[in-house]
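Student: First the structure, which I've put down as structure tokens, then a few questions once you've had a look.
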Amino acid sequence: MGDPVVAGLKGSYVVVTGGSRGIGRAVALAFAREGAAGVAVIYRQGRLAAEETVSRLRSLGAGESFPIQADVSRWEDVAKASRVVGERYPHVNVLVNNAGVMQVGGVEETTPEEWRRTLEVNLTGAFLATKAFLPLLKRAPWAAIVNVASIAGQTGNVVAGIAYSASKAGLIGFTKRLAVELAPSGIRVNAVAPSFVETDMTARWLSDPAGRERVRRLHPLGIILKPEDVAEAVVFLADPARSRGITGHVLSINAGRYT
């Protein structure tokens with residue numbers, strides 16, 4: 001691989017899973033603002049949202065952006081998505097494993113199906129996407145993977161369910177092991193671990209003023225995170241001009257809730 005310090009994100013090719021809304025959309029838009037040539041937005045459902053995201057990406061200058069429908073928990077879907085990207089991009093510089101589902105409930109309330117589906121999307125999905133896109137990442141002059149984990153993978157003192165917490169803890173372990181494996185290829189692998197972020201996924205806790213205040217008070221900084229807060233951290237970890245010496249790291253974005 002070439003000198004990543006010179007390269008930076010301008011002209012890069014990016015893949016974001018779960019990129020049509022919430023954190024994924026904010027991440028995709030952040031890369032476009034940094035000068036990415038194209039962002040492939042992978043989504044499972046909600047084509048209109050995906051197309052709207054792509055339209056915004058193109059308006060920001062990422063003219064080679066496009067949507068791909070795929071379920072990251074299915075190898076056939078992800079392998080097909082990588083083939084489509086390979087036909088349109090010369091390589092992939094950044095893979096952001098963001099696709100995820102929320103689960104709430106302890107071991108007694110959680111059904112075997114909820115457990116299986118949560119881990120399949122949140123953890124297995126990151127493995128499958130990484131495996132599928134790795135040849136395109138290795139083809140790039142520089143490359144990085146950023147996994148979107150969670151505070152729930154770092155501490156059990158959260159409202160997220162047991163399957164969700166297990167999946168995000170597994171994603172942190174996956175990040176650390178993968179960083180060692182891919183270091184000889186010059187591919188950096190890091191993760192972000194947000195606390196509560198204001199998205200559709202957390203709306204149930206933020207929909208009324210009292211609930212919103214309870215969430216705010218959980219965080220010493222007294223703020224509720226926005227998707228853009230996470231996006232900026234993802235861009236930092238992906239950009240070789242800013243973080244070329246960082247790999248295997250989990251960057252906590254939690255307003256002081258877990259230190």
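Student: Could I have the simple spin-label model distance between R88 and E213, label points 7 Å from Cα toward Cβ, reported in nm to one decimal?
Tutor: 4.7 nm
Student: Considering the dipole of the chain built from charges on the beta carbon (Lys and Arg +1, Asp and Glu -1) around the Cα centre, which of V85, A255, I68 is farthest to its positive end?
Tutor: V85
Student: If you take the beta carbon distance between E232 and V107 as r and set R0 to 41 Å, what does 1/(1 + (r/R0)^6) give as a FRET efficiency, to the nearest 0.05?
Tutor: Details: r = 36 Å, r/R0 = 0.87.
It comes to 0.70.
Student: Could you name the lysines in cross-link range of K138, using Cα to Cα under 24 Å and dropping any fewer than eight places away on the same chain?
Tutor: Within the straight-line cut-off, K138 pairs with K10, K80, K176.
Student: Still on this structure: Given 10 °C and 1.306 mPa s, compute D for the range 136-183 with the Stokes-Einstein relation, Rh being the Kirkwood radius over Cα pairs; round to the nearest whole µm²/s.
Tutor: Details: Rh = 12.0 Å.
Approximately 132 µm²/s, per Stokes-Einstein.
Student: For the chain, modelled as a Gaussian network with Cα springs under 10 Å, which listed residue fluctuates most, V27, V159, V121?
Tutor: Judging by the Gaussian network model, the answer is V159.
Student: Tilt of helix 125-138 relative to the longest C-alpha principal axis of the chain, in degrees (0 to 90, nearest 10)?
Tutor: 20 degrees
Student: Rounded to the nearest 10 degrees, what's the angle between the helix 75-88 long axis and the longest principal axis of the chain, both from Cα atoms, 0 to 90?
Tutor: 40 degrees
Student: I246 to S55: FRET efficiency via 1/(1 + (r/R0)^6), r the Cβ-Cβ distance, R0 35 Å, to the nearest 0.05? Write out the running numbers ahead of the final one.
Tutor: Values: r = 33 Å, r/R0 = 0.94.
So the FRET efficiency works out to roughly 0.60.
Student: Could I ask something else about it? Expressed as a rounded percentage, what relative contact order does the range 4-253 have, with Cα pairs under 8 Å and six or more residues apart?
Tutor: Numbers: 517 pairs, mean separation 52.3, N = 250.
RCO, the range 4-253: 21 percent.
All of the numbers you see were taken from the coordinates with simple rules; none came from a lab. Since the model is a prediction, treat every value here as computed from it, not as a measurement. We place every Cβ from the backbone using ideal geometry, glycine too, and count neighbours over all the protein chains shown.
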